[in-house]
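Notes follow the structure.
No value in this document is a laboratory result; all are computed from the given coordinates. Computed from a prediction, not measured in an experiment: that's the story for all the values here. In this analysis, Cβ positions are derived from the backbone assuming ideal geometry, glycine residues included, and neighbour counts consider all displayed protein chains.
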């Protein structure tokens, strides 16, 4: 369940510096020296499914449905929003702080990108965009660049990368489920 961050935590995270220099790079050429992840897959068809998928992304529901416990400054993503995402790894819970660095709100493309803050296991940026193409296909795009930000992600390199791929697939499934829920309601 998505929770609101305490006001002081929100202020502290908004004032914190990002842990990487290439802010906004998920919108273009990905910077060298990082691991790159891209994913683009259809999740539905038509404007109703596009809207449902966009709500899932911009309302933090995608993160929640992917198995994270988001604590957020704003219930709907906006420029400068901050969040602490908490993946559960058995009995352990990680604290994963991020700040929104870009919001995309166009008629046929919606989404956002966030960057890592101190304490995040990685350093880099990740973007999540839902697109309604000319043929009415709804496509989910994930673009990320990252490198180890903590001792345990440096030590567990290949395991950390596998974890990132897994959570990316979970994001995709969550957005697909959100889009499909509209299709299920519209079915005769």
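Quick notes
- Label selected from [x] -0.47; [y] -0.30; [z] -0.24, the criterion being log10 I(q)/I(0) by the Debye sum over Cα atoms at q = 0.08 Å⁻¹ as computed here: [z]
- With contacts taken as Cα pairs under 8 Å and at least 6 residues apart, segment 16-150 reaches a relative contact order of 31 percent.
- Note on the chain: helix-only mean residue ellipticity at 222 nm, from DSSP H runs of 4+ residues weighted -39500 (n - 2.57) and normalised by residue number, equals -10500 deg cm²/dmol.
- Counting DSSP beta bridges with both ends in segment 1-117, the antiparallel % (nearest 5): 90
- Computed over the Cα atoms of segment 1-91, the ratio of the radius of gyration to the Kirkwood radius (Rg/Rh) comes to 1.00.
- Helix 46-58 and the long axis of the chain differ in direction by around 20°, with both axes built from C-alpha atoms.
- Principal-axis tilt of helix 157-186 within the chain, Cα atoms, nearest 10 degrees: 30
- The relative contact order of segment 1-73 comes to 64 percent, based on Cα pairs under 8 Å that sit 6 or more residues apart.
- Spin-label zone in segment 41-73 - amide nitrogen under 11 Å from a point set 7 Å from the Cα of residue 103 along the C-beta vector: 58-59
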